[in-house]
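Data block below; observations after.
The values are calculated or read from the model by the stated rules, or taken from the named source; none is laboratory data. Just so it is clear, the structure is predicted and the values come from calculations on it, not from any experiment. Glycine gets a Cβ as well: all are built from the backbone with ideal geometry, and neighbour counts include every protein chain shown. What goes into the accessible areas is simple: the full protein's heavy atoms, side chains included, and nothing from ligands, DNA or RNA. Shrake-Rupley method; radii C 1.70, N 1.55, O 1.52, S 1.80 Å.
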Amino acid sequence: MTRIIVVTSGKGGVGKTTTSAAFATGLALQGYKTAVIDFDVGLRNLDLIMGCERRVVYDFVNVITKEASLNQALIRDKRIENLYILPASQTRDKEALTMEGVEAVINELKETFDYIVCDSPAGIEHGAYMAMYFADEAVVVTNPEISSVRDSDRILGLLASKTKRVVENKTPVKEHLLLTRYAPERVKNGEMLSVGDIQEILSIPLLGVIPESQSVLTASNQGIPVIMNKNSRAGLAYSDCIGRFLGEEIEFRFIDAKKGGIFGKFFGGR
């Protein structure tokens with residue numbers, strides 16, 4: 001049965017699109033046929049991070065308005081056989097995402113895909129609502145700062161009250177917490193909220209902790225999802241997330257400050 005995953009948060013700039021790209025790529029690498037949809041109509045960044053921006057001819061809105069078929073708009077990833085991208089429109093308004101249109105596209109995708117990952121825009125406006133409405137599971141992305149955590153708490157309220165599962169009195173959306181840009185040294189110095197602090201506030205299961213890493217920006221600029229960089233701490237952390245999501249028991253790493261001395265220098269990572 002197809003599972004629909006929304007990657008969401010209240011605040012912009014926390015790493016939703018990076019996470020959507022990494023998550024979809026990770027699932028495809030595990031052999032699952034996966035589609036990732038960019039719901040950020042008007043901006044459209046997912047295709048850049050996935051490295052397929054020059055191959056965009058038709059987009060999500062074209063499919064909704066029947067100006068193109070789903071097969072025409074879906075872009076197959078050149079590196080991973082099971083991975084497909086449905087880009088957003090840069091020229092339309094977010095109101096072009098209608099409930100009926102989005103549902104029709106998702107239902108068609110469900111005929112052939114194991115996972116559908118929905119990359120939500122920031123905030124709680126129309127596009128974000130459309131991205132979460134049909135979700136079975138939600139990856140709530142937050143940074144270790146109070147404003148980001150507070151906005152994520154608002155999103156949890158919407159997930160608990162305004163999704164199709166709630167309306168139809170089904171099992172609630174399964175929620176997962178993902179921390180990004182985590183810097184244990186800054187936590188130790190009192191400059192950032194700790195993992196424990198955030199879990200206490202949001203009270204949802206922790207899926208992963210992605211360390212602050214230059215490799216995330218580098219990967220984005222190269223159009224390669226960071227999960228494909230096995231020499232990167234962020235890439236390894238995203239791989240761990242996929243394993244946990246699929247039911248593996250994997251110990252959390254990159255959440256403690258580095259030890260000093262010669263071993264810290266050699267094993268500090270990137």
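Side notes on the structure shown:
- Selection count where residues are closer than 16 Å to Gly15 by Cα and buried (at least 17 other Cβ atoms within 10 Å of the Cβ), scope segment 216-231: 7
- Qualifying residue in segment 27-34 (condition: in contact (Cβ under 8 Å) with a residue 24 or more places away in the chain, open to solvent by 50 Å² or more (accessible area, probe 1.4 Å) and either hydrophobic (A, V, I, L, M, F, W, C) or more than 25 Å from Ala219 (Cβ to Cβ) (or both)): yes
- Single match in Asp93, Asp114, Asp47, Asp40 (criterion: within 16 Å of the chain's Cα centre (by Cα) and open to solvent by 10 Å² or more (accessible area, probe 1.4 Å)): Asp40
- Screening Gly190 against (1) assigned to a strand (DSSP E or B); (2) exposed (fewer than 15 other Cβ atoms within 10 Å of the Cβ) leaves a single unmet condition, (1).
- Condition check for Val102: of a type in the set (Val, Ile, Thr), in a loop (DSSP other than H, G, I, E, B) and farther than 18 Å from Thr25 by Cα: no
- Filtering segment 27-69 to residues that are of a type outside the set (Asp, Glu), under 21 Å from Thr8 (Cβ atoms) and not in a loop (DSSP other than H, G, I, E, B) leaves Leu27, Ala28, Thr34, Ala35, Val36, Ile37, Leu46, Leu48, Ile49, Phe60, Val61, Ile64.
- Residue in segment 135-153 that is in a loop (DSSP other than H, G, I, E, B), in contact with an Asp or Glu (Cβ under 7 Å, 6 or more places away or on another chain), of a type in the set (A, V, I, L, M) and crowded, with 23+ Cβ neighbours inside 10 Å present: no
- When residues of segment 154-170 are limited to those that are over 17 Å from the mean Cα position of the chain (by Cα) and under 18 Å from Ser203 (Cα atoms), the one most open to solvent (accessible area, probe 1.4 Å): Arg154
- Unmet criterion (only one of (1) touching a residue at least 60 places away in the same chain (Cβ under 8 Å); (2) part of a loop (DSSP other than H, G, I, E, B); (3) surrounded by fewer than 23 Cβ atoms within 10 Å (Cβ to Cβ)) for Val14: (3)
- Counting the residues of segment 206-261 that are of a type in the set (A, V, I, L, M, F, W, C) and in a loop (DSSP other than H, G, I, E, B) gives 7.
- A count restricted to segment 247-270 and to residues that are out of contact with any strand residue (DSSP E or B) (no Cβ under 7 Å at 6 or more places or on another chain), at pLDDT 75 or above and surrounded by 12 or more Cβ atoms within 10 Å (Cβ to Cβ) stands at 4.
- Screening Ser203 against (1) surrounded by 15 or more Cβ atoms within 10 Å (Cβ to Cβ); (2) at pLDDT 95 or above; (3) of a type outside the set (Asp, Glu) leaves a single unmet condition, (1).
- Per this entry, Leu159 is not counted among residues that are touching a residue at least 24 places away in the same chain (Cβ under 8 Å), in contact with a Pro (Cβ under 7 Å, 6 or more places away or on another chain) and among the hydrophobic types (A, V, I, L, M, F, W, C).
- Residues (touching a Gly at 6+ places or on another chain (Cβ under 9 Å) and aliphatic (A, V, I, L, M)) located in segment 45-63: Leu48, Ile49, Met50, Val61, Val63
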